[in-house]
Each structure stands twice: as structure tokens, then as C-alpha cells.
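**Q** Structure in C-alpha cells, see below.
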Amino acid sequence: MASVVSTASRKVFSNATSRLSLLTSVSSREKSSNEGKRRRDLINHSRVRGIDILRNPKLNKGTAFTVKERQLMGIHGLIPPVVRTMEEQTVRVLTNFRKRSSDLDRFIYLISLQDRNERLFYKVLSENVEDMMPIVYTPTVGQACEHYGIVFRRPRGLFISINDRGHIYDILCNWPERNVKAIVVTDGERILGLGDLGVYGMGIPVGKLSLYTALGGIHPAKCLPILLDVGTNNKKLHSDPLYIGRQENRVTGPEYDDFVDEFMHAVQRRYGSTCLIQFEDFGNHNAFRFLEKYRNKFCTFNDDIQGTAAVAAAGVFASLRITKKKLIDNVFLFQGAGEANIGIAQLLSLAMQEEGATEAEAISKIWMVDSRGLLTKERPSGGISGHKADFAKDFKHMNNLEEIVEELKPSAIIGAAAVAGAFTEKVIKSMGKYNERPIIFALSNPTSKAECSAEDAYTLTEGRCVFASGSPFPSFTINGKTLYPGQGNNAYIFPGVALGVITCGVRHVPDLLFLRAAQRLAELVTDEHLAEGRVYPPLSDIQEVSLNIAVDLAEYCYTNGLASAYPEPDDKEEYVKSFMYTSEYEIFEPETWEWPDKA
Ligand SMILES: O=C([O-])CC(=O)C(=O)O
Ligand SMILES: [Mg+2]
């Protein structure tokens, strides 16, 4: 009996499918509507049947398949008889999530869910950002990368090795999705503040793109994580039996550059000139070089330089409403002169110039310290080249951060060099001594690399400092007042910027877009947030923040000739929203379908 039903239903389903295939020429208005998308999905998916549906995370709904769907798709009996709602499934997921004994286990559980049932994964992630972002993203993703050999279960994204030179385009063609709009790529050389993790760094592009979808509403099928394997200089990985990449030193020089160049052109050939390529966690030197080399030729940005810059600048802009100072009236001291801090310094300088300062005036307010001490013009220890040189001062050489703070009396100190504990008790106390409301940003990731904890910053300044960190810290109560440290993480910026850039068909991403995003983010911080010590909106609002940034950038891009998607939409918000992914399940019940016994 059962087999008769399933044969009959298969026949009905294939009839329904051929009728549905007539719908392929949907009108362009319909194309942008959700209904149009749903129909196209149905048409694409209808070729997959039976057990393959359950094995396909994009189609699988588990126990949420209705009885009709189960019969129609040939999966009746392959799942338990009960039919659950997505909300009921969510409760089960949350119970399982909370029951795990460690964050790494929670990471593995969530990734397995993503591998099984993509929509359910995005639903729980987007509804539980505060609990789950620290798991799929910093800090736990850092731990997952360190142990990726064990964590690794199923591949996700593309792995392109230096041995694949000459064939990168072919490898891109192996990726099953044709309409990729966003790539996050790393070569694993500087994963968070953890150093060279080689292929184990793949956790980062995967995690960042999960946030593209959960926070920016970009469809997962449009997102592609890529790892470029050129080897690793991490000797431990050379002898790690679980390592999943080339166990040789990194290829460098022209060979490496040609490889990255081939990759960029292959992406452009395969996915067009408006496919966004986000560079993530490259080594310092390469990050700046590639940004300069590609920023005007491709649709690309470097998140560690530009994304971090925007989020930190937003935190500074919001802080000024607490300190009641103008931007130009501050003295900024940067601990570290790598991707993040140079990016922040450049963006703050741009912001000061936008407010009327000359470049020289702006730069005179920005001091930097690297591993060899204060950046000064005649520094005996040398090592000042590239962008660092722009910030070097005519000043005596100093190399002790505590003494430098005493000497310069900065109003803001920003750390992003992964030197854990760099903001010592003395540093923090000096900041409190010279400022009524000192700004202290400990931005290094993950938490284990933070320059100081929120608790140290608050207690050592009697609760007066304005504090933000890159990875999350819990709230802290001092003098009867609960303060909420801001998480100055680029997750406030990159999903919204990407959504704006993709929907408008931007071809190049200028720094002014990041400045604009930073200003918008700062505007979204309310006086109530500031009163609680927050210089960013709460994480639970981050999807709203991303949409706001995207809509604002859409206005900016159309006004300033950066958009290529025409005609220009009148209502930018509606337009951006029409692209956004919804994690609600698709309904695989064509309207024409009837019960087999009635057919
Ligand atoms: O991933 C993060 O949390 C921020 C980031 O880009 C980094 O630290 O490299
Ligand atoms: Mg990064």
C-alpha cells in the first residue's frame, strides 16, 4: 500500500513539477519579491527527491515536513511520524545547545545543525545573537580554529591550494552555487590574535559568512568561504598528524602574489565585477599590499583594516557624547601599529579632516606604539615603514607604555596588537588620573588576547572609563551601577556594509563608505545606552543596525555614483529588504498538488 502511495505521489509530483517549470519566466517585478524567489527555489529543488532531500541542509526541514510534503517528496517514513513546527524544533535546539558542557561543544553542535538544517540554524542564530554569536564567532571560533583538525567534520567552502595554480577558475566552477555575491577569503596567516593557523583558519571565513546571513540577511547561497592554502610557518602544524593542509612553509614572493592575483581574476570571471571579496586575517604586510593593489580594480575590502576601523571610530564618536569633547580635541594613543590600529588611525584622521582639520593637525593628535616603542622619526630601533611612517612624530624615543601614557596624557587609548594585559594597572590608572572620562578600548581578539578586562578598566578608574573590547565581556557593577562594556567588533559593520554594497551593485568600496557606516552606527547609540556605559547598540539589535547601515549606504551610493544596480529604487529600505533572506521554511506543496487517491 505504502509503495503504491509513493509511486502515485511521485507521478503527481513530476506532473506538478512540469507544470511548475512553465513558471520559469517570472516577471522582473516578481523576481524581486519573496513569492518569486520561493517559486524559483521550488523549481530548482524539485529535481531532488527522497532521502537526498533529508541529506540536503538547504532543503531539509526534519520533523517539520508536513504529511503532504513527505508523501509528495518520497520521504514518508524516513522521519518520525510527528510533525513539528519550527518553533518546537527551536526549543529542542536550544535545550541541546545549553546542555553541552563547553563552548567548543556548543560550536560543534551548531555547525552540525548548519550541516543538517540550514534554515533552522539561521533561525536560532538570528533569534539568539547574544548567546550564540560568541560561539560561532569570536571568541569560541578562535578555539575551534586552534583545534580544527579535531573539530573538522564536513568541509564547508572552497579550499584552494598553491598547487592548484592555473586551475583556480575550474575549482570555482566546482562550487554548486552560481550566483555568489560575497566571498570571505583568508590565507590563515594571522587568525584573530592567534597567529598563523594555516588551513585551520577556515573557521573564520565560515563564521564571518554565517554572520553575513544571520546579521545582514544575505542569502547563504550567495556566500562563499574560501581558504587559500600556501602552507604555514607554524612549525607545530608541520608535525600535527590531524592537520588538513600543506605541511610546508608558506610560499611567498612573486609565486604567492601571482596565486592571489589568479584567484582575484578567477572570481571576477566566474561571478562578475560586483561580487564582493572580503579579505580576512591575512598577515599584516599582505593585508595592506592587497588592499592597495585591488581596492580600485575589484569590489573588495579588508575587514581587519577597514571594518575594525569603522567599528572603533563609531565607538569613539559615541564616546564623545559622554566625554563632551570634539574629535580634534582628543589625543589618541594606539598600542600596536598593525592592520586594525593603522586602519582606525587613518579613519579617525579622515573624520577629523571632514570636520575641518588639516591632515597635519589630524595626524598630530594620533600617536602609535609598536613592538619597538613609540613611532618617532629618528627611532634608533628602526622598523618604521609604509603606513606607520605617516604617524611617526618628531619626539624623543620611548618604549615603555606606562611611561608613554604618563608623558603624552592621552584622552583615549586603543589596543589591537594581541598583547594580552598590555594595559597594566599603571596604564589604566594614569588614564584615570588625566581624564575625567578616559576612553579605553581593548580590541584584541579573542578574549584571551585582550589588553585588559572590562572589570580591570572599570575598577581601576572608579567606574569612570568608557570601555569597549573586541570580544565580549560580561557587564560589571560598580558603586551600585551596572555598566555594559561595548563589544567593538567589526560584526557591527561588515554585515551591513556588505548588504549595502551587494544590493546596490557597488564596484569599489571607498573608505568614505566605512566612515559613513561608522557615523550611522554611532547615531544608533541612544542616550539610554550611553548612560549604561554602552558605546554600541546592544547585540540583540545588531540585525536592525545592519539594515540601517545598508539602507544608509544605499542612499549614499546612489547619490554619489557608486551604485550600478539600475533603475534607482525610490524606497531604498524596501529595496534592500527585498533581497533579504528569511529563515522561515519553504513550503514544498505546489498549489496544484492533490492527494494521490483523488488524482
Ligand atoms: O573576527 C573578529 O572577531 C574580529 C576580527 O576580524 C579579528 O580579530 O581578526
Ligand atoms: Mg579578522
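**Q** Heavy atoms of the protein only, probe of 1.4 Å, neighbouring chains included. What is the accessible area of Met431 in Å², nearest 10?
**A** That residue has around 0 Å² of solvent-accessible surface.
**Q** Ranked from the most accessible area to the least, with a 1.4 Å probe and all protein chains present, what is the order of Phe334, Phe288?
**A** I get Phe288, Phe334, largest accessible area first.
**Q** For a Förster distance of 25 Å, can you work out the FRET efficiency between the beta-carbons of Glu402 and Glu378, rounded to the nearest 0.05?
**A** E(calc), rounded to 0.05, equals 0.65.
**Q** With every protein chain left in place, what is the accessible area of His147 in Å² (1.4 Å probe, nearest 10)?
**A** Counting only protein heavy atoms, His147 exposes about 80 Å² to solvent.
**Q** Express the accessible area of the stretch 399-472 per residue in Å², computed with a 1.4 Å probe while the remaining protein chains stay in the model.
**A** Ligands and nucleic acids excluded, the figure is 34 Å² per residue.
**Q** Filter the cross-link list Lys433/Lys481; Lys396/Lys449; Lys297/Lys577 down to pairs whose alpha-carbon distance in this structure exceeds 23 Å.
**A** Listed pairs above 23 Å: Lys396/Lys449; Lys297/Lys577.
**Q** Also, I was wondering about something else. Which order do you get for Asp258, Asp456, Asp229 if you rank them by accessible area with a 1.4 Å probe, largest at the top?
**A** From most exposed to least exposed: Asp258, Asp456, Asp229.
**Q** Among residues other than Asp304 whose Cβ falls under 9 Å from its Cβ, what is the net charge (Lys/Arg +1, Asp/Glu -1)?
**A** -3
**Q** Using 0.36 nm times the number of residues separating Ser578 and Arg116, minus their current alpha carbon distance, what extension gain do you get?
**A** The Ser578-Arg116 span can extend by a further 163.7 nm.
**Q** Using DSSP, restrict attention to beta bridges with both residues in the chain and report what percent are antiparallel, rounded to the nearest 5.
**A** 10
**Q** Further question: Give me the Kirkwood hydrodynamic radius of the stretch 87-298 in Å, from all C-alpha pairs, to one decimal place?
**A** Computed over Cα pairs of the stretch 87-298, the Kirkwood hydrodynamic radius comes out at 17.7 Å.
**Q** How far is helix 339-354 tilted, in degrees, relative to the longest principal axis of the Cα atoms in the chain, given as a value from 0 to 90 rounded to the nearest 10?
**A** The helix 339-354 is inclined about 80 degrees to the chain.
**Q** Give me the accessible area of Lys426, 1.4 Å probe, in Å² rounded to the nearest 10.
**A** Only protein atoms counted, so the area is about 100 Å².
**Q** On to the next question. What FRET efficiency do you get for Glu248 and Asp52 if R0 is 35 Å and r is their Cβ-Cβ distance, rounded to the nearest 0.05?
**A** About 0.35, to the nearest 0.05.
**Q** Here's a follow-up. Just by accessible area at a 1.4 angstrom probe, what is the order of Ile322, Ile160 from largest to smallest?
**A** Greatest to least solvent exposure: Ile322, Ile160.
**Q** Could you compute the FRET efficiency for Asp329 and Ala565, with r as their C-beta to C-beta distance and R0 at 35 Å, rounded to 0.05?
**A** 0.30
**Q** So what is the diffusion coefficient of the chain in µm² per second by Stokes-Einstein at 10 °C and 1.306 mPa s, using a Kirkwood Rh over Cα pairs?
**A** 62
**Q** Going by amide H atoms built from the backbone, whose H comes under 5 Å of the H on Val466, apart from near neighbours?
**A** Counting only residues 5 or more places away or on other chains, the set is Ile439, Ile440.
**Q** When 1/r is averaged over all different Cα pairs and the result inverted, which Kirkwood radius in Å belongs to the stretch 294-452? Let's see the in-between values first.
**A** Details: mean 1/r = 0.0630 Å⁻¹.
Computed over Cα pairs of the stretch 294-452, the Kirkwood hydrodynamic radius comes out at 15.9 Å.
**Q** Ignoring ligands, DNA and RNA, what accessible area per residue does the stretch 87-298 give at 1.4 Å, in Å²?
**A** Values: 8110 Å² over 212 residues.
Using a 1.4 Å probe on heavy atoms only, each residue of the stretch 87-298 averages 38 Å².
**Q** Next question. Any idea what diffusion coefficient the stretch 303-568 gets from Stokes-Einstein, in µm²/s, Kirkwood Rh on alpha carbon pairs, 4 °C, 1.567 mPa s?
**A** Estimated diffusion coefficient is 70 µm²/s.
**Q** Leaving ligands, DNA and RNA out of it, report the carbon-plus-sulfur percent of the accessible area of the chain at a 1.4 Å probe.
**A** Carbon-and-sulfur percentage of accessible area, whole number: 50.
**Q** Which net charge results when you count Lys and Arg as +1 and Asp and Glu as -1 among the other residues whose beta-carbon is under 11 Å from that of Pro472?
**A** Details: positive: none; negative: Glu130, Asp131.
With Lys, Arg at +1 and Asp, Glu at -1, the net is -2.
**Q** Calculate the spin-label point distance for Asp541 paired with His147, positioning each point 7 Å from the Cα along the beta-carbon direction, and give it in nanometres.
**A** The two pseudo-label positions are separated by 3.6 nm.
**Q** Pairing the Cα long axis of helix 86-99 with the longest principal axis of the chain, what angle in degrees results, from 0 to 90 and rounded to the nearest 10?
**A** Roughly 50 degrees, rounded to the nearest 10.
The values are calculated or read from the model by the stated rules, or taken from the named source; none is laboratory data. What you see is a predicted model; the values in this text were computed from it and never measured. Positions of Cβ are backbone-derived with ideal geometry, glycine not excepted, and every protein chain shown enters the neighbour counts. Surface areas here come from the heavy atoms of the whole protein model, side chains and all, with no ligands, DNA or RNA. Shrake-Rupley method; radii C 1.70, N 1.55, O 1.52, S 1.80 Å.
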